[in-house]
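> To start, I am sharing the structure in question, which I have written as structure tokens.
The values are calculated or read from the model by the stated rules, or taken from the named source; none is laboratory data. Small disclaimer: the values here were computed from a predicted structure and weren't measured. Cβ: placed from backbone, ideal geometry, glycine included. Neighbour counts: every protein chain shown.
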Amino acid sequence: MQDSHAFLQNLALVLCTAAVTTVVFQRLKLPVIFGYLLAGMIVGPYTPIPLAADEEMVKTLSELGVILLMFSLGLEFRLRRVGQIAATSGLAALLETSFMLGLGYLAGQMLGWTSLESIFTGAIVAISSTTIIARAFDEQGIKGRLREIVFGILIVEDLIAIILIALLTATAQGAGLSAGSLAITVVRLVTFLAGLVGIGLLIVPRFVRRVVSLDRAETTLVASIGICFAAALLALVFGYSVALGAFIAGSLVAESGESLRIELLVHPVRDMFVAIFFVSVGMLIDPRVIAEHAGAVIVLSVIVITGKFFAVSMGSFITGNGLRSSMQAGMSLAQIGEFSFIIAAVGLATGATRGFIYPVAVAVSAITTLATPWLIKAAGPAALWVDRKLPHPVQTSVALYGSWIERMRTAPRVEGESRTRRLLRVILVDAVVLAGIVIGAAAERGRFTTLLARWTGVSERIAELVVLAVAVAIAIPMLIGIVRSARMLGFILAVRALPGAGHRAVDFAAAPRRALVTMLQLGTLFMVGAPLIAITQPFLPRFPGFAVLLLLTIVLSVAFWKSALNLQGHA
């Protein structure tokens, strides 16, 4: 009786406080998420207000909010949709999250945090907030192509976030950054996902359609939430986050074709528990900790806004969305939210991060979220200003590139299709092998050095240089293979967009085709290089990874400039 009374008291305290704060924030036209966070601070242990809710009890309720939030996101995620957007929004999201993972990791290292804390920091700043962006777009009435680009990227970001949560949970619990433990973690995750999705696709969609055919709303709701919690429990049993299981459950239910109906039923239940989740986040905010780490908050906020703007703009442009739309998408996605809270909570719960990182993440989210409406409003004029200020050769190349990519997409895909797929496979295999060589050499360098010194009798310094030389010698063919394959891929795709004129006619498309080949090769190398550096960065010394990325960016920029000048000369 005592426990039930305490439960009711805590639930009433949390919901009533949240109701008051969200009404105030709604009237002030501020994001209601901040109202929930403020409610959490009010009922939390770090403010002098004499309203203290039971932290453990609220945390248990908030776990339900995480599960239902992930289930709802999964309902919007269909496997068929991923295939449709993989070549555009998927690549842009991959480039952006890879760039932010590396940038966040580097920031954590420069702030003096541990390697594991730096990895979590990279993940925290990598994922934008679907909830916040959807609300901002609805309030400003943004429709059309920009909305399609942004939400396409968000869909893939959500999938990447789920994978990150699973990998980080397993890594933190296993406390391993070695090459062997990472390989085992990835294999276990892939096996679990393949089994859950494979078996789930055989059972869940048919079952959901049968339940919906009964035409009883409460039965559909109970069955859907039952599937959600069963999958969450299964993920927990196998050592993964409940968020992973709930998200997969939502995507499996979505394959039934009844996701819209089920989402309407789940929505009110989800909203209540998601509110409690954000209140629980607010309860962990200690204003004194944020004040002590104000420098980290400012640094990470700047990284989120500038890093996401650059990476999203670059990724979106490379995939053919046009400069203005790409820049608008970059400014729209420059914030973090719910996934960052979940990732920070995983780090705190597993002991992988110290307590201050959680409130720092919340503070960064607050700053970037408050900036979001103004960034979205300023995106159009800013993109127009940049477009006007570009050098004329670059302006010409940028304008033509989008139309070339569109022609390439709509061109008949008869010749060269099998060769294109083969080149993509070669690039992927070379990149995976290259990453394996770098991670293996970096993680096991000490052991190989000791063994070589013992066997040959040379000094450890010489043995270390030999080990590094062997690793470089093995890696160089993979690197050369990626560059060559990217060049051949660019040529095949360029011919599809700008076909030759034949042997007897003058080929007026020769100069534009050469420019397009160069631009496609540069885009491919950037798309491959960013994930490679993000994956290998934790195993390398502090700066080499980003030094390589900076060097790659400079080389690609010079090559692009030469290509633009050449194209301008033939215009």
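Okay, residues lined up against (1) more than 20 Å from residue 341 (Cβ to Cβ); (2) without any contact (Cβ under 8 Å) to a residue 60 or more places away in the chain:
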| residue | (1), (2) |
| --- | --- |
| 361 | no, no |
| 380 | yes, yes |
| 385 | yes, yes |
| 389 | yes, yes |
| 396 | yes, no |
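> Report yes if residue 404 is in the same structural domain as residue 320 (by TED's automatic domain parsing) and either of a type outside the set (A, V, I, L, M) or under 28 Å from the mean Cα position of the chain (by Cα) (or both), otherwise no.
For residue 404, the condition - in the same structural domain as residue 320 (by TED's automatic domain parsing) and either of a type outside the set (A, V, I, L, M) or under 28 Å from the mean Cα position of the chain (by Cα) (or both) - is not met.
> Could you list all residues from region 437-470 that are of a type in the set (Gly, Ala, Ser), at pLDDT below 85 and under 30 Å from residue 525 (Cβ atoms)?
440, 441, 442, 443 - these are the residues of region 437-470 that are of a type in the set (Gly, Ala, Ser), at pLDDT below 85 and under 30 Å from residue 525 (Cβ atoms).
> Return yes or no: is residue 154 under 28 Å from residue 523 (Cα atoms) and assigned to a helix (DSSP H, G or I)?
When the stated conditions are applied, residue 154 passes them.
> Mind checking which residues of region 291-304 are within 24 Å of residue 333 (Cβ to Cβ) and either without any contact (Cβ under 8 Å) to a residue 60 or more places away in the chain or surrounded by fewer than 18 Cβ atoms within 10 Å (Cβ to Cβ) (or both)?
298, 299, 302
> Starting from region 464-483, take each residue that is assigned by TED's automatic domain parsing to the domain that holds residue 453 and loosely packed, with under 13 Cβ neighbours inside 10 Å and list its partners that are at pLDDT 85 or above and not in a helix (DSSP H, G or I), counting only C-beta distances under 7 angstrom and pairs at least six apart or across chains.
none
> Here's a follow-up. Which residues, taken from region 459-490, are small (Gly, Ala, Ser) and part of a helix (DSSP H, G or I)? So that I can check it myself, show each step before the final result.
Applying the first criterion (small (Gly, Ala, Ser)) to region 459-490 yields 459, 463, 469, 471, 473, 475, 481, 485-486, 490.
Of everything in region 459-490, those that are small (Gly, Ala, Ser) and part of a helix (DSSP H, G or I) turn out to be 463, 469, 471, 473, 475, 481, 485, 486, 490.
> Let me ask another. Just to verify a result, which residue in region 123-152, among those that are crowded, with 17+ Cβ neighbours inside 10 Å and of a type in the set (Gly, Ala, Ser), is modelled with the lowest pLDDT?
Out of the qualifying residues, it is 136.
> Now for a separate question. Tell me, please, whether a residue that is within 20 Å of residue 291 (Cβ to Cβ) and part of a helix (DSSP H, G or I) can be found in region 369-380.
Scanning region 369-380 turns up at least one residue that is within 20 Å of residue 291 (Cβ to Cβ) and part of a helix (DSSP H, G or I).
> Something else now. Does residue 46 satisfy the criteria of being surrounded by 23 or more Cβ atoms within 10 Å (Cβ to Cβ), in contact (Cβ under 8 Å) with a residue 40 or more places away in the chain and of a type in the set (Ser, Thr, Tyr)?
When the stated conditions are applied, residue 46 does not pass them.
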